[in-house]
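Chemist: One structure, pasted below without further comment.
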Amino acid sequence: MSTEYARIAEAESALTIVEENPQGVAALALLRQAAVEARSLYPELFQADSAWPENRPGGAGECYLIAYLAQQAVGCAALRRLEQDIAEVRRVYVVEPLRRRGIARQLLLALEARALQLGYRRLRLETGYRQGAAMALYAGLDYQPIPAFGEYRDDPTSRCFEKALQPPSG
C-alpha cells in the first residue's frame, strides 16, 4: 500500500460521499485510474492509441458521487439516465489499496438513494467478466443478472445486472 493510502486508511476520519461535477479534478483522476486498471484487465480490447474515456457533463437525472477519506478522493460511482424510470450505474471504482473496506458498497447505497430521489425505479449496470469481486458486490446488494443491454449487447466480456429499487417505507 502506498504511503499516501496507508495514511488515509489509518485516518480516523469517516467516509464522506458527495455529489460532484463529473468533469472536476477528483472525478477525472479516478476515471483515469479506473481506465488504467481496465486496460490491464482486458489488454486484448485496447490498442496502444485507444482514446481514454471521458466523463460527460451531467445532465438532468444524472449524478456523479465521489467518496472521500481524509479529504482524499478514494472512489466514485455515477448514474446515467436510460429511460424515464431506469438509470445505469456507471463508473463504480475504488482505489485498489482501499478495497474490501465497504467503500464501494456505501457508494452504491448512496447512489441508490439518489436514484430514488431522481424518480428511478430500476437500476442496470455492466461489468467485465474478469471482475469477480464486483459481481459478488452487486449480487450481495440484490442486483440480478440480466441479458446484456444497450451498447453491451455484442460485447462477450460484459456481464449485466439489474435491481428494482424499493422506496423507503414510512
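The values are calculated or read from the model by the stated rules, or taken from the named source; none is laboratory data. It should be emphasised that the depicted structure is a prediction, and the values quoted were computed from it without experimental measurement. Cβ sites come from the backbone with ideal geometry, for glycine too, and all protein chains shown count toward neighbours.
Chemist: Those residues that are of a type in the set (Asp, Glu) and at pLDDT below 95, I need them from segment 86-117; list them, please. Before the answer, list the steps.
Modeler: Within segment 86-117, the subset of a type in the set (Asp, Glu) is 88, 96, 112.
Hit for segment 86-117 is 96, nothing else.
Chemist: Select from segment 140-170 the residues that are of a type in the set (S, T, N, Q), without any contact (Cβ under 8 Å) to a residue 12 or more places away in the chain and within 19 Å of residue 90 (Cβ to Cβ) and list them in ascending order.
Modeler: Applying the first criterion (of a type in the set (S, T, N, Q)) to segment 140-170 yields 144, 157-158, 166, 169.
If we keep only those that are without any contact (Cβ under 8 Å) to a residue 12 or more places away in the chain too, we end up with 166, 169.
The answer is none; no residue qualifies.
Chemist: Hey, among the residues in segment 69-85 that are more than 20 Å from residue 20 (Cβ to Cβ) and exposed (fewer than 15 other Cβ atoms within 10 Å of the Cβ), which one's modelled with the highest pLDDT? If you could, list the steps in order and put the result at the bottom.
Modeler: Just the residues of segment 69-85 that are more than 20 Å from residue 20 (Cβ to Cβ), to begin with: 82-85.
Imposing the further condition that a residue be exposed (fewer than 15 other Cβ atoms within 10 Å of the Cβ) reduces the set to 83-85.
Working: 83: 92, 84: 92, 85: 95.
Across segment 69-85, the extreme among qualifying residues is 85.
Chemist: Can you tell me which residue within segment 37-52, out of those that are loosely packed, with under 12 Cβ neighbours inside 10 Å and closer than 30 Å to residue 118 by Cβ, is modelled with the lowest pLDDT?
Modeler: Here is the first cut: in segment 37-52, the ones loosely packed, with under 12 Cβ neighbours inside 10 Å are 40, 43-44, 47-52.
Applying the additional criterion that residues be closer than 30 Å to residue 118 by Cβ yields 51-52.
On the way: 51: 68, 52: 63.
Across segment 37-52, the extreme among qualifying residues is 52.
Chemist: Taking only pairs six or more apart or across chains, which ones have beta-carbon atoms under 6 Å, a first residue in segment 105-132 that is buried (at least 21 other Cβ atoms within 10 Å of the Cβ), and a second residue that is of a type in the set (Val, Ile, Thr) and not in a helix (DSSP H, G or I)?
Modeler: Short answer, once both residue conditions are applied: 123/89; 125/89.
Chemist: While we're on this one: Considering segment 139-161 alone, what residues qualify as being within 16 Å of residue 129 (Cα to Cα) and surrounded by 12 or more Cβ atoms within 10 Å (Cβ to Cβ)?
Modeler: Selection gives 139, 143, 146, 148, 149, 152, 155, 157, 158, 159, 160, 161.
Chemist: Being of a type outside the set (Gly, Ala, Ser), in contact with a Phe, Trp or Tyr (Cβ under 8 Å, 6 or more places away or on another chain) and not in a strand (DSSP E or B) is true for just one of 130, 124, 105, 159. Which residue is that? Don't jump to the end; show me each part of the working.
Modeler: Working: 124 fails: not in a strand (DSSP E or B); 105 fails: in contact with a Phe, Trp or Tyr (Cβ under 8 Å, 6 or more places away or on another chain); 159 fails: not in a strand (DSSP E or B).
The conditions single out 130.
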